[in-house]
Amino acid sequence: MQITFWGVRGSYPVPGPATVRYGGQTSCVEVRAASGECVIVDAGTGLRALGQKLARETAGRPGHHHVLLSHVHWDHIQGLPFFEPAYIPGTHIHVYALLTAADELQEVIGGITRHEFFPVPLEMVPAQFEFIEVEPKNTLRIGGFKVLPIALNHPFGSVGFRFDADATSWAYVADTAPFTDVLHKQHFLSGLEELSADDRTALGTMKADLVTALKGVDTCVYDTHYLPEEYARFPHYGHSTPEHALELCAAAKVRRLVLYHHAPTHQDEQMDAIAERYKERGAKAGIEVVTSWEGMVLDIGPGTSAPEGPPP
Ligand SMILES: [Zn+2]
Ligand SMILES: [Zn+2]
């Protein structure tokens with residue numbers, strides 16, 4: 001398998017001179033099997049350029065595309081209306097999302113293309129959209145990919161995915177808060193709420209299930225939006241730090257951790273410092289830590305090595 005990062009930011013896009021090396025587009029990863037089969041994870045603004053590439057590959061002919069959504073926050077769906085294959089008649093686009101959100105998924109995606117917001121409403125888009133509900137622990141088969149959805153701790157819920165194909169595996173864990181201070185639910189938390197005993201049990205179970213799902217994966221891409229001092233100020237926003245990710249990866253004996261969903265405020269110079277700091281921390285824990293950048297192509301599997309940091 002090979003994965004390509006088309007957007008590595010969280011929250012909102014920040015293209016510009018200060019982010020030109022790590023990139024400014026929001027969450028989107030392309031997954032390829034050796035057979036050439038492709039699955040897309042998340043549809044942030046990075047999806048636009050990926051869509052252009054896919055349309056070039058099929059030379060304008062219709063195809064089937066599979067888009068797995070971790071959840072439907074803006075930074076994970078905003079690229080969908082700009083996905084070029086959607087405008088090729090005869091194209092089929094399968095969109096997978098968490099059960100709770102997928103009930104309303106058609107409405108959500110239809111909502112962002114309402115005529116007030118976007119010139120082409122969903123029902124007028126030439127491609128056929130199919131919305132598929134996913135449930136944590138219910139494995140999906142998409143072509144040669146085995147995909148395991150994993151429950152995560154995020155406002156209104158989100159799912160990570162473990163991918164097995166080509167006799168190797170990797171996981172996408174975004175967006176998620178750690179499993180200690182806050183249990184996110186389907187209502188708005190304006191700050192820290194006292195955790196009940198049931199909440200603590202639920203968090204413990206969710207964390208244990210995540211560790212089980214990650215067991216032995218070659219590579220884990222993780223929401224490391226915050227540095228510890230930032231997390232301390234916003235523990236109820238639903239994101240983790242590299243420390244949290246390292247702890248989970250060590251427990252699951254993951255070979256390589258990829259820092260992902262970077263805070264939009266972290267500009268290139270700071271990203272270089274973060275990359276350096278956590279590469280050293282990871283080395284001490286026996287985990288290779290790679291900081292994702294827009295355009296990074298990563299081969300998955302034992303013995304594969306990551307590219308050096310982003311081009312200067
Ligand atoms: Zn996000
Ligand atoms: Zn989110």
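Using only alpha carbon pairs under 8 Å that are at least six residues apart, calculate the relative contact order of the range 162-246 and give it in whole percent.
Normalised by residue count, the contact order of the range 162-246 is 41 percent.
Kindly identify the range 67-184 as rounded, prolate or oblate by the Cα gyration tensor criterion: order the square roots of the eigenvalues as a ≥ b ≥ c, call it rounded if a/c is under 1.5, otherwise compare a/b with b/c, prolate if a/b is larger, else oblate.
Judged from the Cα gyration tensor, the range 67-184 comes out oblate (a/c at least 1.5, b/c at or above a/b).
Using 15 Å as the cut-off for backbone N distance, which residues of the range 39-57 belong to the label zone defined by a point 7 Å from the Cα of D166 along Cα→Cβ?
39-40
Based on the Cα coordinates of the range 1-123, what is the per residue volume of their convex hull in Å³?
Cα-based convex hull of the range 1-123, divided per residue, equals 120 Å³.
Using the eigenvalues of the Cα gyration tensor, what equivalent ellipsoid semi-axes result for the range 42-87 when each is taken as the square root of five times the eigenvalue, whole Å, largest first?
Taking √(5λ) for each Cα gyration eigenvalue gives 20, 10, 7 Å.
How far, in nm, would the chain grow between K215 and E37 when pulled straight, counting 0.36 nm per residue and subtracting the alpha carbon separation?
Extra length available between K215 and E37 comes to 61.6 nm.
Scan around S11 for amide H atoms under 5 Å from its own, H built in the peptide plane at 1.01 Å from N, and keep only partners 5 or more places away or cross-chain.
D75
Using θ = phi - 60° and the Karplus form 6.51 cos²θ - 1.76 cosθ + 1.60, what ³J(HN,Hα) does each residue of the range 213-228 get, whole Hz, x for Gly and Pro?
Ordered by residue, 3J(HN,Hα) equals 5, 7, 3, x, 5, 5, 9, 10, 8, 10, 5, 10, 4, 9, 8, x Hz.
What's log10 of I(q)/I(0) for the chain at q = 0.08, 0.09, 0.13 Å⁻¹, Debye sum over Cα points only, no solvent?
Each listed q corresponds, in turn, to -0.33, -0.42, -0.91.
What order do you get for W74, W293, W6 when you list them from fewest to most C-beta neighbours inside 10 Å?
W74, W293, W6
Under the 0.36 nm per residue contour assumption, what length would be gained going from the current alpha-carbon distance of D181 and E104 to full extension?
Contour length minus the Cα-Cα distance gives 24.8 nm.
Between beta-carbons, use under 9 Å as the cut-off and find the net charge around A174, counting Lys and Arg +1, Asp and Glu -1.
Here the charged neighbours net out to -3.
If you rank C249, C220, C38 by fewest surrounding Cβ atoms within 10 Å, what's the result?
Fewest-to-most ranking of C249, C220, C38: C38, C220, C249.
For the chain, what proportion of DSSP beta bridges, expressed in % and rounded to the nearest 5, is antiparallel?
50
Taking the beta-carbon count within 10 Å as an exposure proxy, list S35, S240 from fewest neighbours to most.
Least crowded to most crowded, the residues run S35, S240.
Taking 8 Å as the Cα distance limit and 6 or more residues as the minimum spacing, I'd like the relative contact order of the chain as a percentage.
18
What FRET efficiency, computed as 1/(1 + (r/R0)^6) with R0 = 51 Å and r the Cβ-Cβ distance, is obtained for D299 and F117, rounded to the nearest 0.05?
0.85
Which lysines, if any, have their Cα less than 17 Å from the Cα of K185, not counting same-chain residues under 8 positions apart?
By straight Cα distance, K185 reaches K207.
With the contact rule set at Cα under 8 Å and sequence spacing of 6 or more, what percent relative contact order holds for the range 96-214?
The value is 18 percent.
Mind checking the full-extension length gain between F156 and Q52? Use 0.36 nm per residue of separation minus the Cα-Cα distance, one decimal, nm.
Extra length from F156 to Q52 when fully extended: 34.3 nm.
What's the center-to-center distance, using Cα atoms, between the range 4-67 and the range 157-178 in Å?
Here the answer is 17 Å between Cα centres.
Assuming R0 = 45 Å, can you tell me the calculated FRET efficiency for the pair R61 and F234, based on Cβ-Cβ distance, to the nearest 0.05?
The computed FRET efficiency comes out at 0.45.
On a straight-distance basis, which aspartates and glutamates could pair with K137 in a cross-link, Cα separation under 13 angstrom, same-chain partners fewer than 8 positions away excluded?
List returned: D209.
Coordinate-derived values only; no laboratory data. None of these values were measured; they are calculated from a predicted model. Glycine gets a Cβ as well: all are built from the backbone with ideal geometry, and neighbour counts include every protein chain shown.
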